[in-house]
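Okay, structure first, notes after.
The values are calculated or read from the model by the stated rules, or taken from the named source; none is laboratory data. Predicted model, so just to flag it, every value in this text is computed and none were measured. Glycine also receives a Cβ, built like all others from the backbone with ideal geometry; neighbour counts cover every protein chain displayed. Please note that ligands, DNA and RNA were not included when accessible areas were found on the heavy atoms of the full protein model with its side chains. Shrake-Rupley method; radii C 1.70, N 1.55, O 1.52, S 1.80 Å.
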Amino acid sequence: EAGVVQSPRYKIIEKKQPVAFWCNPISGHNTLYWYLQNLGQGPELLIRYENEEAVDDSQLPKDRFSAERLKGVDSTLKIQPAELGDSAVYLCASSLGGRVHEQYFGPGTRLTVT
Amino acid sequence: QQQVKQSPQSLIVQKGGISIINCAYENTAFDYFPWYQQFPGKGPALLIAIRPDVSEKKEGRFTISFNKSAKQFSLHIMDSQPGDSATYFCAASWGSGSARQLTFGSGTQLTVLP
């Protein structure tokens, strides 16, 4: 069974540029999460989807971040415009239903904003 | 109240030794406590988990000890191996249905010396 797939793995952009991350969850997992992980810190939830619906986006900085999960499978997280402080690893995870404690993470996208 | 405090931040253990990582919490609504393991360049992976009505859970060399009255739980890695070198995150979940959430500790970077 394929795991959570994320692309790109690495991205370097200049500040004020847009960037997008893509995630394909494990087949059959209806819940999808986007996390931000700063160096030396635990993952912090940005947004959680159940199927196509964003059920928790309270920590998503909506002035510059947006996300979508069309058709309830793949998801895209976008930052526009990027700031220096957005440099971090962006993790995508998926789980079955409400099993939030049993999440399967992708390898992440390491974003560097210069 | 939704925090899990983890210590130490880093830990160095000799091969064959016991690694101990501690976590503490305040929120009595937490009802499930997983531990995640993260290798460099990878996303976190679920390692072992425990419910608060159980005082200990063992899976191979990994054991969770849980003290409900003290609101503390710990991960013990017996006979630590260099391959165990990774960052370990404790976590806690609470809530129900679409409101169910998971919060992570800040992580412990474990180095097992050969």
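Side notes on the structure shown:
- Once C-alpha pairs closer than 8 Å and six or more residues apart are averaged by separation and normalised to the residue number of segment B:1-68, the relative contact order reads 21 percent.
- For the protein assembly as shown, the fraction of 1.4 Å probe accessible surface lying on carbon and sulfur atoms is 49 percent.
- Bridgeable lysines around A:LYS78 (alpha carbons under 30 Å apart, same-chain partners fewer than 8 residues away excluded): A:LYS11, A:LYS15, A:LYS16, A:LYS62, B:LYS42.
- Working from Cα pairs under 8 Å separated by at least six residues, relative contact order for chain B is 37 percent.
- Qualifying chymotrypsin sites (Phe, Trp or Tyr not before Pro) for segment B:32-102 [loop in DSSP, other Cβ within 10 Å: at most 16]: none
- Taking a ≥ b ≥ c as the square roots of the eigenvalues of the Cα gyration tensor, chain A is classed as prolate, since a/c reaches at least 1.5 and a/b is larger than b/c.
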